[in-house]
Amino acid sequence: MQTVVITGGTDGIGRGIALHYLSEGARVVAIGSTRQKGEALIEEARKISAADRAHFLAVDLTSMSATRRLVEEIENTYASVDKLVLCAQRYKLFGKRSVTAEGFEHSFALSYLSRFVLSYGLRDALECTKRPVIMNVGTPGVRLGKIHWDDLQLERGYNGNKATLQSFRANDLLGVGFAETYDKGSVTYVGYNPGVVSTGMPNSLPFPMKVMTKAMFAVAATSVDKAIKPMVELLDSPPAELFAAYWKKKSVNTRGKAFDVADALRLKEITEQLVGM
Ligand SMILES: NC(=O)c1ccc[n+]([C@@H]2O[C@H](COP(=O)([O-])OP(=O)(O)OC[C@H]3O[C@@H](n4cnc5c(N)ncnc54)[C@H](OP(=O)(O)O)[C@@H]3O)[C@@H](O)[C@H]2O)c1
C-alpha cells in the first residue's frame, strides 16, 4: 500500500488530494494544526470505508522543532513514503510582523522552512519507494517578490505581502537546490501552481479583503475537485527531470532568474544553518 503524506491535508487542495488517494486505496497521513479539521477528515474517510488508512497528525508547522519531530514520527511509523505533498499555508498579508518562538518570521517559517525540513528530512523514506515524488504547491511561474538576502526575517520594512511573496520565491529555489545537490537522484521534485482554487483560504484574511477575495473566487476560482486532477496525474506519473515546475498542466520554464542555481545553493546553505540541518 502506498503512503501519501500531505501537509495541509485537512483543508482545501490538500484535503482534496487526501480524499482522492484514500478513495484509491492508499494510506494518507494528513498534517494540520487544528484537531477538529483532522477529525472531520477521518469522518469523511469513514464514509468511503477508508478510516483505517486515514491518519491525522496535529502539528504546528511554524515550529521547526515540531517539524523535525514530525519527520522522525513519520519515519518511525511508516518506514517509507511514496508521495510528499506540501500544501500547508496561512497567508498573513496584513498586520504586524509576527515571530515564532524560535525567532523566525511567520511566513518564512510556515511556508518555506517547514517545507525545507520535510523535503530533506523525508528524502530517505521516499527513496525506498518505486516512483517517489515531492510536490511543493505554491506559485512557480509568478514573477513577483524576491529573496531579501540581507534581511530574510524581514526585520526592517516588514509587510505581509513582501513576506508571503518571499516565501513563494524561496520555494522555487528549494526545488532547484534539492535537485542540484542530489547525487542519488531518485526523488522527483515538482513545484506546482494550481491557479486560483476555491478553498477556505480567504477566511484567514481580514475584512474587507476577505469579502473581496471571496467574491473574486466565486467568479474566477476552479473547484478543488477540478484543480486536483492534473496534480494527481503528475503525482502518479512524475516527470523524468529531477526538478520541474508547472502552472496547472503547463510546464513552467525553469531557466529564469526565479530558478537561478547559484541563488538556490546560497539559500540552501543559509537555510541549513538556520534550521540546524
Ligand atoms: N487556493 C488558491 O487559490 C491557491 C493559489 C495558488 C497557490 N495555492 C497554494 O496551494 C496550497 C494550499 O492552499 P489552499 O488554498 O488549499 O489552503 P487552505 O484551504 O487555506 O488550507 C491550508 C491548510 O494548511 C494548514 N495549516 C495552516 N497553518 C498551519 C500550521 N501552522 N501548521 C500546520 N498546518 C497548517 C491548514 O490546517 P489548519 O487550519 O488546521 O492549520 C489547512 O489544512 C498553499 O501552499 C497555497 O499557497 C493556493
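Here are the numbers for this structure:
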{"item": "Rounded to 5, percent antiparallel among DSSP beta bridges of the chain", "result": "10"}
{"item": "Relative contact order [Cα under 8 Å, 6+ residues apart], the stretch 3-275, whole percent", "result": "19"}
{"item": "Whole-angstrom gap from the stretch 256-277 to the stretch 216-230, using each part's C-alpha centre", "result": "32"}
{"item": "Heavy-atom surface of the stretch 211-277, accessible at 1.4 Å and reported per residue (Å²)", "result": "63"}
{"item": "For the stretch 1-149: accessible area per residue (Å², 1.4 Å)", "result": "42"}
{"item": "Where Arg97, Arg266, Arg143, Arg156 fall by accessible area, highest first, once all protein chains stay in place (1.4 Å)", "result": "Arg143, Arg156, Arg266, Arg97"}
{"item": "The stretch 3-43-the stretch 173-212 distance, computed between alpha-carbon centres (Å)", "result": "17"}
{"item": "Accessible-area composition of the chain, carbon plus sulfur, in percent [1.4 Å probe]", "result": "50"}
{"item": "Estimated dipole of the chain in Debye, rounded to 20 [Cβ of Lys and Arg +1, of Asp and Glu -1, Cα centre]", "result": "960"}
{"item": "Ellipsoid equivalent to the stretch 79-135 - semi-axes via the Cα gyration tensor, in Å", "result": "29, 12, 6"}
{"item": "Computed P(r) (all Cα pairs; the chain; 5 Å bins; percent)", "result": "1, 6, 13, 18, 21, 19, 13, 7, 2, 0, 0"}
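The values are calculated or read from the model by the stated rules, or taken from the named source; none is laboratory data. Since we're looking at a predicted model, the values are computed, not measured. Every residue, glycine as well, gets a Cβ built from its backbone with ideal geometry; the counts of neighbours run over all protein chains shown. When the accessible area is computed, the model is the full protein with side chains, heavy atoms only, and any ligands, DNA or RNA have been set aside. Shrake-Rupley method; radii C 1.70, N 1.55, O 1.52, S 1.80 Å.
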